[in-house]
Amino acid sequence: MDKRIQLLDAIRAIAVKTPMNDVEVPESVVGFGTIEYKAQTCSACKKCILACEPAALDMEDTLNMHDYLRVTVPQEGFRSKNREVLVTLLQNLKQDHDYGDVQAISVPEGLPGYGSIVWSAEQCIACDKCIEACPEDCLTLQKTYKLPEIIGPIEAPPPRTEGKDWEPFIVCFVCWECSHAAADLAGLMHLHYPASIRTIRLPCSGALEPIHIMTAMANGADGVLVTGCLLSECHYGGDSPKAGNFMQEGFVKFWSDIFEEIGIGGRLNIDFASAAMGIKFAEIVETFTEQIRKLGPTPIQAKTEVQE
Amino acid sequence: MKKLILCTCNKTLTKWLDFARIEKEVGSTFESIHIHDALCLEEGLTFLDAEVSKDDTVVIGACTSQIIGVPLAERLKSELVSYVPLREHVAWVHKDDQKGATNKALVLLNDAAIHVDFLEPQTAVDIEMEKKVLIVGGGIAGLKVASDLLQLGIEVTLLEPPEFNSKDYLEKNQFMADSSTLKGVVKDLKTTSKGVKKVCGTISKLSGRAGLYSVSLKRDNGKEEEILVGAIIIATNSEHSPPSIAKMCHYGKTNQTLLLSELSTLIAKQTAKESKTIFVTQDPSYHDSSVAGSYLLREVTYAAEKGNTVIVAHSDIHTKDENLYRAARKSGVIFIRGSLEKVSKKKKGLVCRLENTLESQVREFTVDYLVLQTQLKPWSGTRPLADTLGLNLDREGFIKTRYAKMKPVQTSKRGIFIAGNAKTPMNLNDALASASNASLEVFKNLIADGERKGWIPVVDEELCDLCDACVEACPNDALRHEGDLIKHIPMNCEFCGICVSACPTRAIEFQSHSKDSWLTRIESIATKHKKLEGQKPFSLVYACSECANASIDQAGFAGKGYPTGSYVIQFPCAGMVSPIEILKGLVVGAEKIIVAHCPPGGCHHQTGDHLSELVVKFTQDMLKSIGQDPSRVKATYMIAALPNKMQEEVAHRG
Amino acid sequence: MAKTAVVIGAGLAGIQVAQQLTDLGIVVHLIEKESIIGGLSTHLGRVFPTGDCALCLDASTEIFDGQHRRCQYRGLVTEKKNLKLHTMTEIKSITEVDGNFKISIKSQPRYVDLDRCVVCLECIEVCDVKTPDEYGIRGGTRKSIYRPVPQGVPLAPLIDMEHCTKCGKCVEICKVNAIDLEEKESTKTIKADALILATGVEEKIPLDFPGYEYRTSDDIITHAELARLLDPAGSTNGVVTTSSGNNVSEVTMVLCVGSRDLDASEYCSQACCTYSLKHADMLRDRGIDVTICYMDLRVPKSSEHYLTQAREKGVKFLRGKPDRVVIREGKPVTIVEDTQSQKRMQIESDLVVLASPLASLGIENDSITDFFAEYGFAHRVVREGKIYACGTATGPTDIPTSIAEANAVALKVYSDLIGGV
C-alpha cells in the first residue's frame, strides 16, 4: 500500500494547518472511509484481520466496556449467545446511566476468547473485505474520513511574501476530449484569459490521480483546476455514474474539503465544458484565477523554486 | 419418572434436617420420593436396583458422591443421576441451624431436580490403540523401556538422535553410577533389548491422537518415514555443560582448567609418579542435584586414590549415598567450604582464591589443575523435540511432568511419557525405576479394554467463528482446527469443559452442562433461596469437582461448620467457569461468588486453576469499570488438607 | 487362575503398587498394621514438591481411566474387588510351599464392621470416654471410639479397647449393627505368588541422641509433630503454639539430628532438608521467624523452589550442626558453632524442631526382618521373581521417587508373574 502512504505524505507536505474535522466522503468516492467497530458482539476470531490486505486491523487485549453497556440487544438477539448474555448481565449490574467514566479493561494474558479490534484509519482502503469476513456483524463502513487522526498535527509554515507583480500560477488538468478542445477553441476565438495558467492534458478527467494534484500544489501552484467534458457526456462513460467526470467531480469535492481542512481551501476546483464552449472555458479560467488572486499566493513552501 | 431418593445415614441426618418438611415441600417437584436409612449398604443398593429403572431420572440426597458415587453407579440402572451431598455439605456443617440446614437442603434438591433435566447419557469414546511403542533416546532408560516392553510382547522402535553414537553409552551415563556397575547394567540391557528395531533420525511431525499417533521420522539417510504408534516414550539423556564460572576460571583458555567430566580421562593417563594438586570447585550459584554430587564424590575419590592432592571447594554436597562422602574423605580429599572468587594464571600454576563471603576470609591455593563441577543440562535436542511433540518444559529445560508429585512419567500430553534423565538428572537406580514406570503406564494404556465414557463438548459448525479460542484453551490437545472445522478428538479429551468457557459465541456446548443449564440453575437457586430465606444473604461457590469439592467434603468430616446460605455448585473443572456464570450469580443477588479450584499448578486437567484465576481477575475488572465492588468475586484454591478453607471463605459475609 | 500378591504396608508406595497390580488383573492383599491407610502421609498435612495434600493418590484405572489423582477418601481403595485391604493387621509368619508363599496374618479387632458401618459418626458423638489424641500434640483429645484423621481410610471408626468402658452406648445408637464389642482378633493364611515390601519409614523419636533434650520439653519437637501443629484440621486448628499455649514467634530447626552420624544413623534421610524448608515456608507465612541449622542443604531439583522461597521469605540459614539443645528458663536454647564465622552461638527460640532420621519400619517385624539389608533397607528385588521392595522400604526418599519405584516394581511383578500379552 505504498501508494496510499505516498498520497498521505503528499497531503501532509502541502498542509499548512492541523485538520480539525472529519471529512465527509461523497457517495461516488471509493477507497476512503471509516470502519466502525462494535465491540459487544466481537468474538475475537480475527477473521477481519486475516481478510484485510493493507493490514489496517489488529487485535488488542482489551474489552470495550463502553460498547457493552451502551448497546441495545435487538429483539432477535445477537448471533453470539454468550456475548448477548454477557452484555445483558453487565447492563443489569450497571445501576446508573453514567457511562462517562466507563473504561476499556484489559484482558489478562492467556485468557482466550476476548479482545478488541483496532483499526488504523491511515492504512484502511475502505474495501469492505473485513465487513464481509466478519461473522458477527461487528463492522460497518462509514462515509467519513478521519482526517485529523490520519494527518496528525501540522506545523504552520512562515507566511510568504510575494512581490507586487505576483500573478497566480495555476495548473489546469484538461481531458483531451471536450475540455481540451474548448481550450483550443478559446484560443482560436482569440479569447483572453490569464497567461499564468499551465494546462496538462489527460485522457480523461477521471484519469487524474490525486497525487498529481498534491504534487502540483507542492511544487508551487497557487491553485489546481480540473476540467472535463460536460456531465453525462464523458467520452468514456457517457451518462454512467461511473463516468470519469462524474467520478472526478466527487473526488475533487472530497479533495477540496480536505484542502479546506488543511488550510488551503478554495485552491482546487473542477468544471466542465464541451468542445464548443470556448467562451465557457475562458470564463472558468478567469473565475478561478480571480478566486486565487483573492486568496493570494499559496502558503505552501515550494519544494523547488519554480524557474521563471 | 423423576425420583428423589434420600438417605438418613442411619437416621442421624434427621437431627439436623427436617425430612418430613423436605418430603412435603419437594413433593410436587418429584414424581416419587423415598427415604432410606442406609443406601450404601447392601439393603440400600438392592433397593436402588429394584426401584430405579433405565428411563428414570434420579436425585440422590445422601453423603458425598465422592464416596457413594461409584458404588451406587454400579447398581443404578439409570445414568441420569444427580447427587446432593446432604451429609457433608449440609447436615454436618450446619449443626446448630436446623431450619437453615433444611432450607439449604431444599434449595439444593430443587437445583438437582433441574440439573437432572439437563443430563444426557455419557458418550463412549473410541479407545482403539496401536500396540506399538516408539522410544526416543537409546541410553540407559531407553534400553530399559525397550527391554521391559519386549518382554511383555510389545513391539518397540528405538529412535536415536543422529549424533548418537552407541560407543558413548558409558561416557554419556557415567555420572549415574560407578563405571563397573554401569557397564554391567548396559551389558544386561543390551542383551535383553535385542530384537528392538533401531532407527537413527529425528521426529519431524506428530499427528493423530493418544493411542494412535502418527509419527513422521526423518532418517539420517535422508528418507522420510511415517510410523503409527500407540505411545511415545522420551528417554533422552542429560549432558554435561560448563558452569557459569567457566569463563572466570579460564576454561577453554588453558589446559589446566577442565570440566569434571574430563577429569577421569586425565587421571587414567597419569603415571604413578606424577602427583598433582587438583582443585575441584562447585559453581556456588548452582544447587547440585544428588546425582551430580555423587558423581563429584566418585571422581575426586578416584583422583585422590591415584595419589593426587585433591581439594574440593563446595557449598552443599548432595548425595544419596553417604558412603561416597566417607570414601572421599578416607581417600584424603580435602573439603573446604567457600566460593571461588578469582583465578589467576601464574607460572607456578593456577592461583585459586577462595572466599568465605560472610567473613571475607580469603585463602589462596596454587594448583596444577582446576576442575569445574559440570551442570547436568537436558540433551540439546530437547527443545525442538518438545516443540514438535507439543510438550512443556520446566525451568531447567527438561521435559515437564504432568504433575510433579504423583505422575512422575506422564507429560502434558496423553500417550507421551518420559523416562530417566529426560525428566531430571538421576542416578542409575532411579533411572531404571523411572523407565519401568514409563513402561508400566504405556503397557496399561495399550492393554486397556475398559470403556471410556464422559460428557464431551459438541461443536455447532453453523455458529462457530473458527476463532480458535477453544483450541487455544484446551489443555489436552483435544480440539483442533482442521480445514473449516473445529474437530474434537475424544481420546485426548478429559471432559473438563474449559473449551466451553473460552468460546465467545456458544458454538461449543458441553453435554449435560450447557450454558443454559448453569444459568437456569443459578437463577433457580436464588429464587428458591429468596422464597425460603427472604432477605438473608447468600453466597455461591463454584467448585471444581476435584480438589475444591474434596476440601468442602472435608469441612464436613473435620467439623468445620459455616453459615447456611452458602451453595456449592459443582463444575467439572474450575476452568469451565466463565465470566457469564459469575455475573449471573451477582445479578440474581448472590452476595459473594467464590470460584474454588485446585492448588496452583495442581489442576487435574492442567490449566484450570490458572484459567479460573484469570477469568475472575477479568470479571473483577469488568465490575470495577461499572462501579461494582470487585471483592464480591473471588478465586481461591481449596484442597482437602485445608478443610477450613470453606469456613474462611464464606464466614465473613454481610 | 489369577495370581496373588501380598503387599506389606499401605503407605503411598504400598497403595500405588497394589492399585497398579489390581489394574493389571492380579489379586492383591494389602496388609496395614495401622487402622487407616496412608502411612507417614497421614501425619504430614501438606507435602513437597507440590505443596498440596499428603493424602493424595494416583487413582487406579477404575476411576476415570486412571488419569487423575484422588484423595484417599475418594480413591476407592476399599471398593476394589481385587484389592483386599487388611488394616490393623500384621504378618505372623511367612513360609514357602512349592514355590508359593503361605503368609499368615493376624488382625486386631476394630470392633466396627467395615461392611456395615455407614460412617454416620453417631457412635463417636455418644461416647463418653475422652483420651489424649495421638495425632494432636497440644492436648487434643479423642473419644475411645474414634477416627484417627478426618480423611482416614477406611472411613469407619475404631474402638480403642484400652480405654473403652464397654458402656454399650455406641452399640445401642448404631442402627445398622456395625459395632461388636466382643470382636476377637483373627488370623488368616493367604497364599501368594509374590511378596512386596512397602513397609516404609517413620521419623525416629529422637530420644537416643544425647544433647537434644527432646524428652524433657514439649517445645522441642519433631517435624511430624510440627506438621500436626500446622494442620488446620489438627487440635490447634493450624496455630503453632508452645507447650504453655502461647503463640510461637521464633523457631529454630536442627537438621541431621542423628543422621549422617557414625554414632547414630549413618545414612542421609534425603527428605528432611526439603520438608524442613517446606515447614519453614509455612511458618514464615504465619509471620514466625525461622533459623535453620544445617550441614548440607540437600534439596532435589523438583523441590528447589522451596529453597528459593525460603531465602526470599527471610528464613535464616546457619551452617553448623548444634551440639546441644537445652532448656533455659523454660525456653529451648540451641547451642551451635557457625562454621562460616566460627563463632559459638546460643539461639533462644520458642520452639526447636528436630529433623530426626527416617528409620525403616520393616525390620521391626521379625517375620520379614531378614529381607532387609544395610541400615534396615531392602533392595528393590530382594529375591528374583518372588520378593520385591519399593517406596521408602528401599531407603528414604521423596514421594515422586517413591511412586516411580512402586510403579516400576508393579511392572516387574506383573512381568515375572504373568509375562507378556
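Filter the range C:143-179 down to the residues that are among the aliphatic types (A, V, I, L, M) and part of a loop (DSSP other than H, G, I, E, B) and list them by number. Break it down into steps so the answer makes sense when it comes.
Going through the range C:143-179, the residues among the aliphatic types (A, V, I, L, M) turn out to be C:145, C:149, C:153, C:155-156, C:158-159, C:161, C:171, C:173, C:176, C:178-179.
Residues satisfying the conditions are C:Val149, C:Val153, C:Leu155, C:Ala156, C:Met161, C:Val176, C:Ala178.
Free of Cβ contacts under 8 Å to residues at least 12 places away in the same chain, more than 26 Å from B:Met576 (Cβ to Cβ) and facing another protein chain (nearest Cβ under 8 Å): does that describe B:Lys407?
Details: free of Cβ contacts under 8 Å to residues at least 12 places away in the same chain: yes; more than 26 Å from B:Met576 (Cβ to Cβ): no; facing another protein chain (nearest Cβ under 8 Å): yes.
No: the conditions fail for B:Lys407.
With the condition kept exactly as written, say whether any residue in the range B:615-629 is in a helix (DSSP H, G or I), buried (at least 24 other Cβ atoms within 10 Å of the Cβ) and more than 7 Å from every other protein chain (Cβ to nearest Cβ).
Scanning the range B:615-629 turns up at least one residue that is in a helix (DSSP H, G or I), buried (at least 24 other Cβ atoms within 10 Å of the Cβ) and more than 7 Å from every other protein chain (Cβ to nearest Cβ).
Against the condition hydroxyl-bearing (Ser, Thr, Tyr), at the interface with another protein chain (Cβ under 7 Å from one of its Cβ atoms) and within 19 Å of A:Asn92 (Cβ to Cβ), how does B:Ser578 come out, does it pass?
No; evaluated as a whole, the condition is false for this residue.
Quick check on the range C:191-218: of everything there that is β-branched (Val, Ile, Thr) and out of contact with any Phe, Trp or Tyr (no Cβ under 8 Å at 6 or more places or on another chain), which residue is surrounded by the most Cβ atoms within 10 Å (Cβ to Cβ)?
By that ranking, first place goes to C:Thr199.
Since C:Cys53 meets every condition but one in (1) within 14 Å of chain B (Cβ to nearest Cβ); (2) in contact with a His (Cβ under 8 Å, 6 or more places away or on another chain); (3) not aliphatic (A, V, I, L, M), which condition does it not meet?
Among (1) within 14 Å of chain B (Cβ to nearest Cβ); (2) in contact with a His (Cβ under 8 Å, 6 or more places away or on another chain); (3) not aliphatic (A, V, I, L, M), the lone unmet condition for C:Cys53 is (2).
Hey, can you tell me all the residues within the range C:296-325 that are touching a residue at least 12 places away in the same chain (Cβ under 8 Å) and β-branched (Val, Ile, Thr)?
If the condition is that a residue be touching a residue at least 12 places away in the same chain (Cβ under 8 Å) and β-branched (Val, Ile, Thr), then C:Val299, C:Val315, C:Val325 are the ones that fit.
Quick one: how many residues across the range B:1-42 are of a type outside the set (S, T, N, Q), within 9 Å of chain C (Cβ to nearest Cβ) and within 20 Å of B:Arg75 (Cβ to Cβ)?
The number of residues fulfilling the criteria is 8.
Here's a check for you: in the range A:1-58, which residue that is modelled with pLDDT under 90 and basic (Lys, Arg) is surrounded by the most Cβ atoms within 10 Å (Cβ to Cβ)?
A:Arg4
Working only within the range B:78-131, note down all residues that are hydroxyl-bearing (Ser, Thr, Tyr) and in contact with an Asp or Glu (Cβ under 7 Å, 6 or more places away or on another chain).
Within the range B:78-131, B:Ser78, B:Thr102 qualify.
Among the residues in the range B:265-275, are any within 30 Å of C:Gln270 (Cα to Cα) and outside any loop (DSSP other than H, G, I, E, B)? Before you say what the answer is, go through the steps one by one.
Of the range B:265-275, the ones within 30 Å of C:Gln270 (Cα to Cα) are none.
The answer is no; no qualifying residue exists.
Just to be sure before I move on: is B:Ala303 part of a strand (DSSP E or B), more than 11 Å from chain C (Cβ to nearest Cβ) and in contact with a Ser or Thr (Cβ under 9 Å, 6 or more places away or on another chain) in the structure I sent?
Criteria not met by B:Ala303.
Looking only at the range B:528-546, decide whether some residue is within 11 Å of another protein chain (Cβ to nearest Cβ) and either in contact (Cβ under 8 Å) with a residue 40 or more places away in the chain or within 23 Å of C:Ala59 (Cα to Cα) (or both).
Checking the range B:528-546: at least one residue is within 11 Å of another protein chain (Cβ to nearest Cβ) and either in contact (Cβ under 8 Å) with a residue 40 or more places away in the chain or within 23 Å of C:Ala59 (Cα to Cα) (or both).
On the basis of being in contact (Cβ under 8 Å) with a residue 12 or more places away in the chain, within 19 Å of C:Thr291 (Cβ to Cβ) and either at the interface with chain B (Cβ under 8 Å from one of its Cβ atoms) or surrounded by fewer than 24 Cβ atoms within 10 Å (Cβ to Cβ) (or both), does C:Gln342 make the cut?
On the way: in contact (Cβ under 8 Å) with a residue 12 or more places away in the chain: no; within 19 Å of C:Thr291 (Cβ to Cβ): yes; either at the interface with chain B (Cβ under 8 Å from one of its Cβ atoms) or surrounded by fewer than 24 Cβ atoms within 10 Å (Cβ to Cβ) (or both): yes.
Against the criterion (in contact (Cβ under 8 Å) with a residue 12 or more places away in the chain, within 19 Å of C:Thr291 (Cβ to Cβ) and either at the interface with chain B (Cβ under 8 Å from one of its Cβ atoms) or surrounded by fewer than 24 Cβ atoms within 10 Å (Cβ to Cβ) (or both)), C:Gln342 does not qualify.
Identify the single condition in (1) acidic (Asp, Glu); (2) within 11 Å of chain C (Cβ to nearest Cβ); (3) assigned to a strand (DSSP E or B) that B:Asp316 does not satisfy, given that it satisfies every other one.
For B:Asp316, the failing item is (3).
Can we say B:Ser380 is more than 9 Å from every other protein chain (Cβ to nearest Cβ), buried (at least 19 other Cβ atoms within 10 Å of the Cβ) and not hydrophobic (A, V, I, L, M, F, W, C)?
No: the conditions fail for B:Ser380.
Of the numbered conditions (1) of a type outside the set (Asp, Glu); (2) under 22 Å from the mean Cα position of the chain (by Cα); (3) closer than 30 Å to B:Gln270 by Cα, B:Thr401 satisfies every one except a single condition; which is it?
The failed condition is (3).
If you scan the range C:287-302, which residues turn out to be surrounded by fewer than 23 Cβ atoms within 10 Å (Cβ to Cβ) and more than 7 Å from every other protein chain (Cβ to nearest Cβ)?
Passing the criteria: C:Gly287, C:Ile288, C:Asp289, C:Thr291, C:Tyr294, C:Met295.
So which helices (runs of 4 or more DSSP H) stay within the range B:121-197 end to end and still have 3 or more residues that are of a type in the set (Ser, Thr, Tyr) and farther than 22 Å from B:Leu440 by Cβ?
Fully inside the range B:121-197 and qualifying: B:179-192.
Quick one: what pairs do we get from the range A:88-101, first residue assigned by TED's automatic domain parsing to the domain that holds A:Val71, second among the aromatic types (Phe, Trp, Tyr), C-beta under 9 Å, 6+ apart or different chains?
Every condition considered, the pairs that remain are A:Leu90/A:Tyr68; A:Gln91/A:Tyr68.
Give me a count of the residues in the range C:126-140 that are in contact (Cβ under 8 Å) with a residue 24 or more places away in the chain and outside any loop (DSSP other than H, G, I, E, B).
Step one: filter the range C:126-140 for residues in contact (Cβ under 8 Å) with a residue 24 or more places away in the chain, giving C:126-129, C:131, C:133, C:135-140.
Now restrict to residues that are outside any loop (DSSP other than H, G, I, E, B): C:126, C:131.
Result for the range C:126-140: 2.
Among the residues of the range C:146-157, are any away from chain B (no Cβ under 14 Å) and modelled with pLDDT of 95 or more?
For the range C:146-157, residues away from chain B (no Cβ under 14 Å) and modelled with pLDDT of 95 or more: absent.
Being among the polar types (S, T, N, Q), in a loop (DSSP other than H, G, I, E, B) and under 23 Å from the mean Cα position of the chain (by Cα) is true for just one of C:Ser356, C:Ser341, C:Ser276, C:Ser302. Which residue is that? Spell out how you get there, then give the answer.
On the way: C:Ser341 fails: under 23 Å from the mean Cα position of the chain (by Cα); C:Ser276 fails: in a loop (DSSP other than H, G, I, E, B); C:Ser302 fails: in a loop (DSSP other than H, G, I, E, B).
Answer to the selection: C:Ser356.
Has the range A:237-255 got at least one residue that is of a type in the set (Ser, Thr, Tyr) and exposed (fewer than 14 other Cβ atoms within 10 Å of the Cβ)?
yes
Can you tell me how many residues in the range B:503-550 are part of a strand (DSSP E or B), among the aliphatic types (A, V, I, L, M) and under 27 Å from the mean Cα position of the chain (by Cα)?
As a first pass, look at the range B:503-550 and keep what is part of a strand (DSSP E or B): B:508-510, B:539-544.
If we keep only those that are among the aliphatic types (A, V, I, L, M) as well, we get B:508, B:540-541, B:543.
Next, from what is left, pick out any that are under 27 Å from the mean Cα position of the chain (by Cα): B:508, B:541, B:543.
Counting residues in the range B:503-550 that are part of a strand (DSSP E or B), among the aliphatic types (A, V, I, L, M) and under 27 Å from the mean Cα position of the chain (by Cα) gives 3.
With (1) surrounded by fewer than 24 Cβ atoms within 10 Å (Cβ to Cβ); (2) closer than 24 Å to B:Thr401 by Cβ as the list, and B:Leu611 as the residue in question, which single condition is left unmet?
Failing condition for B:Leu611: (1).
Look at the range B:267-310 and say how many of its residues are farther than 24 Å from B:Leu428 by Cα, of a type outside the set (Lys, Arg), surrounded by fewer than 23 Cβ atoms within 10 Å (Cβ to Cβ) and touching a Phe, Trp or Tyr at 6+ places or on another chain (Cβ under 8 Å).
Residues that pass the stated criteria total 1.
Just give me the residues in the range A:88-129 being more than 14 Å from chain B (Cβ to nearest Cβ) and assigned to a helix (DSSP H, G or I), in sequence order.
Residues of the range A:88-129 that are more than 14 Å from chain B (Cβ to nearest Cβ), as a first pass: A:118-129.
A:Lys129, the sole residue that qualifies.
With the checklist (1) under 30 Å from C:Pro357 (Cα atoms); (2) not in a helix (DSSP H, G or I) in hand, flag the one item C:Glu405 doesn't pass.
(2)
The values are calculated or read from the model by the stated rules, or taken from the named source; none is laboratory data. Since the model is a prediction, treat every value here as computed from it, not as a measurement. Because the Cβ atoms are built from the backbone with ideal geometry, glycine has one as well, and the counts that use them run over all protein chains shown.
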